[in-house]
Amino acid sequence: MAYKISDECIMCGACEAECPVSAISAADDKYAIDADSCLDCGACAGVCPVGAPQAE
Ligand code: SF4
Ligand code: SF4
């Protein structure tokens, strides 16, 4: 299981600083989560202003 960032992402960057394992980085048109690193903690979803990170 891993979180995934939807197209709702406005690239604010808030989630990147919140991830305990640095699984989030900026991609071309939105931020992306490395599924192999993600611990499914939900911290990114908690800080996102648009609810883009969602549990798979
Ligand atoms: Fe990082 Fe947790 Fe979000 Fe996974 S769920 S990307 S570990 S903050
Ligand atoms: Fe995108 Fe939400 Fe992360 Fe901001 S906090 S970069 S809107 S996923």
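Just so you know, all these numbers are worked out from the coordinates, no wet-lab data involved. This one's a predicted model, so the numbers in the text were calculated from it and none came from an experiment. We place every Cβ from the backbone using ideal geometry, glycine too, and count neighbours over all the protein chains shown.
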Any hit, region 22-34, residues being touching a Pro at 6+ places or on another chain (Cβ under 6 Å) and surrounded by 14 or more Cβ atoms within 10 Å (Cβ to Cβ): no
Output for region 12-54, where each listed residue is hydrophobic (A, V, I, L, M, F, W, C) and within 8 Å of ligand 1 (Cβ to nearest atom): Cys15, Cys19, Val21, Ala23, Ile24, Ile33, Cys38, Leu39, Cys41, Ala43, Cys44, Ala45
Selection within region 1-11 - more than 16 Å from Asp28 (Cβ to Cβ) and more than 13 Å from ligand 1 (Cβ to nearest atom): none
Any strands (runs of 3 or more DSSP E) falling wholly within the chain and containing at least 2 residues that are within 8 Å of ligand 2 (Cβ to nearest atom): 24-26
